[in-house]
Amino acid sequence: MRDVAVVSFAPSEPGLTGVEETETQLLFPVINEALAKIGITRKDIGFTCSASCDYLAGAPFAFVQTLEATGAWPPISESHVEMDGAWALYEAWVRLQHGDVDVALAFSSGICSRADIREVLSIQLDPYYLAPLWLDPLSFGRLQAEAVGQEPPTQAPAYTDAAAAVVLAAGDRARELVDRPAWIAGIDHRTDAHYPGVRDLSKSESARIAGQQAGVDKAPVDVAYLSAQYPHEGLILMDALGLTHGYGLATNPLMVSGLIQVGTAADAVIKGDANRSVGHASAGPCLQQNLVAVFEA
Amino acid sequence: MSEPVRFVSQKVDLDYKVVTSPVARRFDEQMRAGRITGHKCPECGLVYVPPKGFCPIDCVITDESNEVEVRDAGTLTSFTVITPIQYQGQEEKEEYVLANILLDGASGTIGQQRVEGIPHSEVRMGMRVKAVWGGDPNEGSRGWGLTGAIKHWEPSGEPDEPKEKYQEHVL
Amino acid sequence: MSSERVAVVGCGQTHHRKVRDDLSMAGLLREAAERALADAQMDWKDVDAVVIGKAPDPFEGIMMPEIYLADALGCAGKPIMRVHTAGSVGGSTAVVATHLVSSGVRERVLTIGFEKQSEGDTTWGLGGGRSGSVGAGGYFAPHMRAYIDRSGAPDYIGPAVAVKDRRNALKNPYAHLKLENLTIETVMESPYVWEPVRRLESCPTSDGAAAMVLTNEKGATEGAAWVHGTAIRSELGQFPGRDPVNPRGGRDCAADVYSQAGITDPFNEVDVAEIYVPFSWYEPMWLENLGFAAEGDGWKLVEKGVTDITGELPINVSGGVLSSNPIGASGMLRFLEVALQVRGLAGEHQIDGARTGVGHAYGGASQFFAMWVVRNEKP
């Protein structure tokens, strides 16, 4: 595989809520900052991958609006995932493997303060059998806590508003752009079955496979940032990834949480705070889908 | 014998709060005062109506200091006559004209504007139109479009513009 | 590093219909996926990763439906990604899947696009639940009017495309609309929906799915289609001076993919093309945008019958989007149909000796583009 690194990361200010700006306006400063940190402009980007969710805004085509933050004129090579921004980073990493593009931008945005997200997330479920039950994320969290013998949580971290951007670069281009590129030593993502009833909720098989494929256990980990909303999710993930410590989510800006955890892990390497770090993103009920990235100096 | 049940209607009701950005709010205030405003990009000089708060080409942030007023009259660059499709919540029942209009002083068109006061068969590209104010400004102001302050557009009676004036402004 | 070669070894699609009330959403996807797997002589367990695409979630009222569909697509323990790039999504989903294989990251990828329009309301979804949603046709109609105005094309060109594609659909067992004995006159007599576009010049609303299995060279079977190029482009939706009639994003996308495939004269070097024509006038518009005709000349190819199934450059011989429109699958169907053509498996609508095929999809405000070139030979 080609050596690819995260060379820059910029999130919006943590804990934002009730944001009045549009998602595009939220993205402008974080994309600007991610580029300015390494002294490049939008014209230096060879591939862009964006991430957003129509159900946060309650209107279709969130990504059509956010494209306006990329300077897409003349036209750019760009794709979009309706997933957490960590998967946009994954797609950008895949794209950079080809050798014809050296620098890529991945970003995501989400404004959670315009709807009741617990309610909104319940239409993420199987429309025939689960959605009519209006199961919300906290109920799922309590269910899973029981499965691992932990006190069921009474509250989830607040859903907040955020945007984040990362710049990835390959090989020598990465070395030119930053002193300590956060080399992606491994990255993988997996899903479990959707139905909680067919899973062993005390474990995360998908996180285990993703962690193993990403090579988490190949060397000691200095720091890990996990998309754990509750203490029991942290325990399940650390068990799956073979970690002894990991930082969870203080707040949960949907669509951006995972990219922030993964970007923060990369940033720890870039800044020299860690030589080997792990970032994790999750989606779906009871940690259904998991992405794990390992960064090395 | 009754027909077997093939569909069960499941209506999902989610409430969203509509938040207008500060840029849209300022634009709305100006509209309520009868002024159509835009932002002029300090780099390329293009005038965006309604203002976005940035120039998407130069990726420059714009604000009130970049505000310019444009005329409430312009040229119809293209249009369609819509036969409204009926769905839950659709209030439109009759055919109506939606047009893209290049306002005098703006660099680009405003889209999907209602044109009235003329038989549908006489609406044409290049036709000059003017705003009919006096609509309900609280209607349709979702941070986009021209808000409800303008009821619709109607022919101004000025001579049509030639093709060169409108054909690069389909959108 | 050099990229892995990518082969299309399996193609499957549903029988597209207005209402597939015999199947759940998951069942609809499985119908297409199982046909693609059977074609590839594979089983679910052989798949390394799934890439799924569909149009906006509000169309069916399910947020990120891939979360629920993971079970039906055999994804437990596997990676699944969800792409969404508006109307072009079926195409860009196939491009993301191709990249997973060409990068060497995965070896066998199932890619699938779908829409079950009967279980939701697209026009409602497009308006975010508010009144006054005009549908895609209402948005695109002024662009088509501008094309007619600019090119001086006669009014029967759009209807001629509508007739051609529906005749082609009669040869395609999977196509949704089966309109016998359609003539230019009957199309012109059908009511306007978004003038200048008539009902019979517009795509239907369909339930359907399309799936393909892509592998690296090692996994390729005899008779596979080979990917010779993929390209995507996005451009800003609205800014002063933007031309949605002949958008630069589409021109750039075409130039990129032709250059990868070594095509310098698309009209003469391409044997068959499936291009995204949801409203009749987009055929001449895209013929120009994709370099098959000079600007202003696209309609002349239609008039001369050049794009007929028996013509020099057959376009949308499957019946196209005008005959089947499961939106999230519509772009992938374009990619899939040209793969079938170069594999010689298109059945009654097969173009004899097709060696080079171009698949194309567009979306948003004519601002998202995805294309690929496939051939019957390795690159």
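Structure above, values below:
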item	result
Placed amide H near A:SER8: partners under 5 Å, 5+ positions off or other chain	A:VAL167
For C:ALA209, distant residues with modelled amide H under 5 Å away	C:THR14
Total formal charge among the other residues, if their Cβ is under 10 angstrom from that of A:VAL198, Lys/Arg +1 and Asp/Glu -1	-2
At R0 = 22 Å, FRET efficiency that the Cβ-Cβ distance of B:GLU29 and B:GLU95 yields, to 0.05	0.05
Residue-wise HN-Hα coupling along region A:179-189, computed from phi with Karplus coefficients 6.51, -1.76, 1.60 (Hz; x: Gly, Pro)	5, 10, x, 8, 5, 7, 6, x, 8, 7, 9
For C:GLU283, C:GLU377, order by how many other beta-carbon atoms lie within 10 Å, fewest first	C:GLU377, C:GLU283
³J(HN,Hα) computed for each position of region B:50-58 - Karplus, 6.51 cos²θ - 1.76 cosθ + 1.60, integer Hz, glycine/proline x	x, x, 9, x, 6, 9, x, 7, 8
Rounded tilt (10° steps) of A:85-96 against the dominant C-alpha axis of chain A	40 degrees
Where Rh is the Kirkwood radius over Cα pairs, Rg/Rh for the protein assembly as shown	0.95
Residues A:ARG180, C:ARG17 arranged by fewest to most Cβ contacts within 10 Å	A:ARG180, C:ARG17
Extended-chain gain in nm, criterion 0.36 nm per residue less alpha-carbon gap, C:ARG199 and C:ASP265	20.3 nm
Cβ-Cβ FRET estimate between B:ASP63 and C:GLU312, R0 fixed at 56 Å, reported to 0.05	0.50
Straight-distance crosslink candidates among aspartates and glutamates, where the alpha carbon sits under 16 Å from B:LYS52 and sequence neighbours closer than 8 are dropped	A:GLU20, A:GLU21, A:GLU23, A:GLU68, B:ASP28, B:GLU29, B:GLU43, B:ASP63, B:GLU64, B:GLU67, B:GLU69
Number of partner chain Cβ atoms within 10 Å, mean per residue of A:81-94	4
Positive minus negative residues near B:PHE7 (Lys, Arg vs Asp, Glu; Cβ under 15 Å)	-1
Helix axis angle, A:23-36 relative to chain A longest principal axis, alpha carbon, degrees	50 degrees
About the Cα centre, charge dipole magnitude for chain C (Lys/Arg +1, Asp/Glu -1 at Cβ), debye	420 debye
0 to 90° range, to nearest 10: angle between helix B:22-32 axis and chain B longest Cα axis	80 degrees
Centre separation in Å (Cα based) which lies between region B:1-57 and region C:74-146	23 Å
Estimated FRET transfer efficiency when R0 is 30 angstrom, pair C:LYS45-A:HIS245 (beta carbons, to 0.05)	0.25
Under 12 Å, Cβ to Cβ, from A:ASN275 - net charge with Lys/Arg +1 and Asp/Glu -1	0
Two-site label geometry, A:ARG118 and B:GLU3: point separation in nm, points 7 Å out along Cα→Cβ	4.0 nm
Ascending count of other beta-carbon atoms within 10 Å, so fewest first, for C:TRP44, A:TRP73	C:TRP44, A:TRP73
Under-5 Å amide H pairs with B:ARG114, H placed in peptide plane, nonlocal only	B:ALA99, B:TRP153
Cα-based Rg of region B:50-171 normalised by 2.2 N^0.38 Å, two decimals	1.12
Which listed pairs, of A:LYS43/C:LYS378; A:LYS203/C:LYS78; B:LYS130/B:LYS151; B:LYS93/B:LYS130, have C-alpha distances above 22 Å, in listed order	A:LYS43/C:LYS378; B:LYS93/B:LYS130
Inter-chain shielding of B:102-114 (mean C-beta neighbours from other protein chains, 10 Å cut-off)	2
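Each value in this text was obtained by applying a stated rule to the coordinates, not by laboratory testing. This one's a predicted model, so the numbers in the text were calculated from it and none came from an experiment. Glycine gets a Cβ as well: all are built from the backbone with ideal geometry, and neighbour counts include every protein chain shown.
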